[in-house]
Amino acid sequence: MPASERFIVHILDPTHMFVHPHVAEMIRSKIAEFRDQNSCEKPQ
């Protein structure tokens, strides 16, 4: 990514990172979208 589009400030470990505040909500919505696409419902 070009420097102007990078939003990760620092990677702490494989599951935690610091990001710029203006992208936090976008990341949350993308995670929710991913989770919704990759979940299963119990058959009846």
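None of the figures in this text is laboratory data; all of them are computed from the coordinates on show. None of these values were measured; they are calculated from a predicted model. For neighbour counting, all protein chains shown are included, and Cβ atoms are generated from backbone atoms with ideal geometry for every residue, glycine included.
Here GLU41 fulfils each of the conditions (1) assigned to a loop (DSSP other than H, G, I, E, B); (2) surrounded by 10 or more Cβ atoms within 10 Å (Cβ to Cβ); (3) not basic (Lys, Arg) apart from (2).
State which residue is surrounded by the fewest Cβ atoms within 10 Å (Cβ to Cβ) when the search covers only the range 1-23 and only residues that are in contact with a Phe, Trp or Tyr (Cβ under 9 Å, 6 or more places away or on another chain) and part of a helix (DSSP H, G or I). It would help to see each step written out before you state the result.
Start the filter on the range 1-23 by keeping residues that are in contact with a Phe, Trp or Tyr (Cβ under 9 Å, 6 or more places away or on another chain), which leaves 1, 8-12, 19-20, 22-23.
Subset that is part of a helix (DSSP H, G or I): 22-23.
Working: HIS22: 8, VAL23: 14.
The qualifying residue surrounded by the fewest Cβ atoms within 10 Å (Cβ to Cβ) is HIS22.
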